[in-house]
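Okay, so here's the structure we're looking at.
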Amino acid sequence: MSAQQSRLIRSMAIAAVLLAAFAMVGGGLVALTEQMTRDRIAENERRARLASLQEILPADHYDNDLVSDTVELADGTGLSLDTPVMVHRAFEDGEPVAAIFPVVAPDGYGGPIHMLMGVRVDGRLAGVRVTRHSETPGLGDPIEVRRSDWIHDFEGRSLGEEPEKKWQVQADGGEFDQFTGATITPRAVVRAVRRGLVYFEANRQLIFPETAEETSSSR
Amino acid sequence: MSTYRDIAREGLWTNNPGLVQLLGLCPLLAVTGTTINGLGLGIATTIVLIGSNLAVSFIRHAVHPEIRIPVFVMIIASLVTAVELAMNAFFHDLYRVLGIFIPLIVTNCTIIGRAEAFASRNPVPRAFVDGLAMGLGFTAVLVVLGAMRELLGQGTLLAGAEMMFGAAVDLTLQPIPAYDGLLLAVLPPGAFIGLGLLVAAKNWIDARQQRASASSAKEARA
């Protein structure tokens with residue numbers, strides 16, 4: 001082996017060792033930060049989740065651990081979700097109060113509108129909140145609770161009779177307001193919420209199996 | 001060799017990353033919908049910039065030129081990840097608003113640009129000042145652009161300050177009451193137009209100063 005070759009191999013080896021050393025230091029820094037922040041991040045996420053659930057169902061309406069009391073439903077197609085649905089369940093004194101689950105309006109103006117909706121056991125809506133959307137700012141964003149009161153209009157409503165006719169925006173002959181300059185956005189939201197209510201009725205037994213057993217045994 | 005004053009001046013004005021080098025435009029344009037968003041990303045970027053400049057300058061004699069770029073990338077990537085985790089832990093709401101743009105600090109050319117052009121050739125204290133000045137220069141542009149767009153777009157200033165300073169602090173100003181908002185300022189074109197105006201304003205100020213110094217030099221000769 002010539003001197004030149006061995007020098008080349010030597011410098012390559014040094015470079016490789018140096019790179020490995022920096023990778024280890026960098027990885028160590030990340031691992032250390034992760035270690036130090038892990039609990040806080042988990043707590044933050046839990047709290048953010050709880051806050052978004054309590055927007056829909058105020059804290060004095062239930063007494064269980066709303067964040068971790070969940071059931072997973074495998075089929076989310078009725079909610080336009082292609083993943084299993086995580087349903088949060090609210091109880092008071094062991095009696096079911098409401099279920100909170102996500103729903104997607106796939107036909108928004110700027111793409112899918114992600115929402116979280118809560119349905120009380122009697123089939124009335126506890127509330128709806130938009131969690132993520134890409135509607136036009138200023139036109140479609142009154143669906144956000146911080147921009148307008150529009151979303152509160154859902155509270156207390158249920159499927160009722162003739163839901164296909166009533167659960168529409170006014171432009172389509174229904175009962176819900178649309179906004180100036182935007183019909184597509186509220187239409188998508190109203191229809192998605194209706195589908196959510198239908199989904200809840202169809203899956204009631206799966207969400208609250210405890211009550212299903214009670215009713216069947218009392219019969 | 002340039003003084004600390006020169007280094008600071010470079011970063012804050014003459015060679016400002018946002019207005020002159022036009023680096024890091026993607027986050028610059030994307031998050032400046034409000035002042036607080038701009039400030040948050042600016043501070044995160046500044047922290048990464050100072051950290052990477054310090055680290056790069058510290059190891060500048062140990063690293064061979066052939067492997068310096070991968071080493072810089074590794075330093076920057078680990079710093080950004082650490083900052084991202086810290087923001088998630090301590091400024092959770094702001095973290096959620098800024099979203100993808102925090103990890104994208106990795107791709108901000110200002111950072112690797114300063115590592116390569118300055119920190120790898122200068123001693124540690126100078127690299128620190130450069131990182132601080134460049135970071136603050138970038139932050140200033142983000143804040144000014146954010147304030148412009150927020151004021152024109154929603155008629156508020158400093159909305160969402162509680163995300164950074166805790167729930168008790170509400171600094172929201174409403175200089176224009178009952179304002180309908182200007183959609184253009186909120187949408188992406190507003191960011192481009194706003195940045196264009198800022199660059200133009202900087203050039204205008206520079207040109208005026210040049211003219212002033214030229215004419216005063218003439219007077220001195222006469």
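Values as computed for the structure displayed
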{"item": "32 Å tail of the calculated P(r), the range B:4-221, as % of Cα pairs", "result": "25 percent"}
{"item": "Rounded Å value of the spacing that divides the Cα centres of the range A:94-162 and the range A:1-41", "result": "50 Å"}
{"item": "Candidate aspartates and glutamates for bridging to A:Lys166, where Cα separation is under 14 Å - those fewer than 8 sequence places away on the same chain excluded", "result": "A:Asp153, A:Glu175, A:Asp177"}
{"item": "Value of relative contact order over chain B, rounded to a whole percent, pairs C-alpha under 8 Å and six or more apart", "result": "31 percent"}
{"item": "Farthest toward positive dipole pole in the protein assembly as shown [+1 Lys/Arg, -1 Asp/Glu at C-beta], among A:Met12, B:Gly196, A:Asn44", "result": "A:Met12"}
{"item": "For the range B:135-193, fraction of C-alpha pairs farther apart than 15 Å, in %", "result": "56 percent"}
{"item": "Cross-link reach list, lysines versus B:Lys218, counting only Cα pairs under 29 Å and skipping chain neighbours closer than eight places", "result": "B:Lys202"}
{"item": "Dipole of the range A:120-219, positive end: most advanced residue of A:Pro186, A:Leu139, A:Leu197 [Cβ charges, Cα centre]", "result": "A:Leu139"}
{"item": "Spin-label model distance (nm) - A:Arg40 vs A:Asp122, 7 Å beyond Cα toward Cβ", "result": "4.5 nm"}
{"item": "Karplus (6.51, -1.76, 1.60) ³J(HN,Hα), θ = phi - 60°, over the range A:161-171, in Hz, Gly and Pro reported as x", "result": "7, 6, x, 4, 7, 6, 7, 9, 6, 4, 4"}
{"item": "Within the range B:78-152: Cβ-based charge dipole about Cα centre, in debye rounded to nearest 20 (Lys, Arg +1; Asp, Glu -1)", "result": "160 debye"}
{"item": "All-pairs alpha carbon distance profile, chain A, 10 Å steps from 0, percent", "result": "7, 26, 26, 15, 9, 7, 6, 4, 1, 0"}
{"item": "Sequence-separation-based contact order of chain A, relative, with Cα cut under 8 Å and 6+ spacing, percent", "result": "13 percent"}
{"item": "For q = 0.07, 0.09, 0.10, 0.13 Å⁻¹, Debye-computed log10 I/I(0) when each Cα of the protein assembly as shown counts as one equal scatterer", "result": "-0.51, -0.76, -0.88, -1.19"}
{"item": "Distance between the range B:46-76 and the range B:149-178 - C-alpha centres, whole angstrom", "result": "38 Å"}
{"item": "Within the protein assembly as shown: Cβ-based charge dipole about Cα centre, in debye rounded to nearest 20 (Lys, Arg +1; Asp, Glu -1)", "result": "2880 debye"}
{"item": "Positive dipole terminus of the protein assembly as shown, leading residue within B:Ala117, B:Ser2, B:Pro175 (C-beta point charges)", "result": "B:Ser2"}
{"item": "Gyration tensor verdict on the range A:93-219 (Cα atoms; rounded if a/c is under 1.5, prolate if a/b is larger than b/c, oblate otherwise)", "result": "prolate"}
{"item": "Cβ charges +1 (Lys, Arg) and -1 (Asp, Glu), total dipole of the range A:69-219, debye", "result": "380 debye"}
{"item": "Likely footprinting exposure, B:Thr156, A:Thr136, B:Thr139, B:Thr35, fewest C-beta neighbours within 10 Å first", "result": "A:Thr136, B:Thr156, B:Thr139, B:Thr35"}
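FYI, it's all coordinate maths here, none of it is from the lab. As the structure is a computational prediction, the values presented were derived from the model and not from experiment. Cβ: placed from backbone, ideal geometry, glycine included. Neighbour counts: every protein chain shown.
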